[in-house]
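> Take a look at this one; I'll ask things after.
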Amino acid sequence: MSKSINFLSVSSKKIKITATLIFFSLLILTIWFMHSTLKIPEEEIIWKYDDFVKEYSLKYGISPSLVYAVIKCESNFDEKAVSHAGASGLMQLMPKTFEWIIPELEEGETLDIFSPRQNIEAGCKYLTYLYKRFKVTETVLAAYNAGEGTVYSWLQNPEYSDDGITLKEIPYSETKIYVNKVMRSFEEYKNAEQ
């Protein structure tokens with residue numbers, strides 16, 4: 001009888017030790033995975049359309065790093081990208097927003113939402129418009145994603161904003177994920193510029 005109790009005791013200890021090792025191994029892997037996914041590897045930092053990004057970010061007073069981050073997160077630099085909602089081009093503008101913002105056309109040019117130059121100019125102009133209304137980058141990005149009317153309503157709701165300027169909570173999970181993703185990418189591009 002004492003041999004079986006002793007065997008169970010040793011076996012129980014081995015199971016506990018094994019479970020603990022597995023737990024800590026998974027914890028380390030999770031931390032490593034989260035850390036590695038938060039950073040854009042240097043070789044994945046894309047500087048495509050650099051002339052347009054620099055020209056229009058300067059013209060409209062927007063950080064080039066923010067423009068790159070929006071393009072990266074919106075279309076991954078696919079100038080022909082179209083979302084399920086109909087947002088189009090590099091900066092994923094809705095056609096009505098694009099037509100409303102209307103980039104300046106060069107001589108002989110027609111309005112084309114898929115034109116990298118026009119899309120980047122319209123996106124920069126739209127970000128400037130949103131900055132004038134919302135002031136805070138995270139709130140601007142929330143409006144870029146969810147729409148300015150939606151964000152205005154969140155800012156008026158004490159559940160989501162204490163001061164009517166910043167959002168303490170973003171109620172749409174898609175928008176919350178989007179804002180966090182763009183902000184991480186924004187930091188990566190800023191760090192890569194330096």
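Computed from the coordinates by the stated procedures, all read-outs in this text should not be read as laboratory data. Just so it is clear, the model here is predicted, and its values are computed rather than measured. Cβ atoms come from the backbone with ideal geometry, glycine included; neighbour counts cover every protein chain shown.
> Report, by residue number, each residue of the stretch 135-149 that is of a type outside the set (A, V, I, L, M) and without any contact (Cβ under 8 Å) to a residue 24 or more places away in the chain.
Listed by number, the residues that qualify are GLY147, GLU148, GLY149.
> Just to be sure, is THR166 in contact with an Asp or Glu (Cβ under 9 Å, 6 or more places away or on another chain) and either in contact (Cβ under 8 Å) with a residue 60 or more places away in the chain or hydroxyl-bearing (Ser, Thr, Tyr) (or both)?
yes
> Within the stretch 64-94, restricting attention to residues that are β-branched (Val, Ile, Thr) and crowded, with 19+ Cβ neighbours inside 10 Å, which residue is farthest from PHE186 (Cα to Cα)?
Of everything passing the filter in the stretch 64-94, ILE71 is farthest from PHE186 (Cα to Cα).
> Do we find a residue being under 23 Å from ILE46 (Cα atoms), in contact with a helix residue (DSSP H, G or I) (Cβ under 7 Å, 6 or more places away or on another chain) and buried (at least 17 other Cβ atoms within 10 Å of the Cβ) anywhere in the stretch 129-136?
No, every residue in the stretch 129-136 fails to be under 23 Å from ILE46 (Cα atoms), in contact with a helix residue (DSSP H, G or I) (Cβ under 7 Å, 6 or more places away or on another chain) and buried (at least 17 other Cβ atoms within 10 Å of the Cβ).
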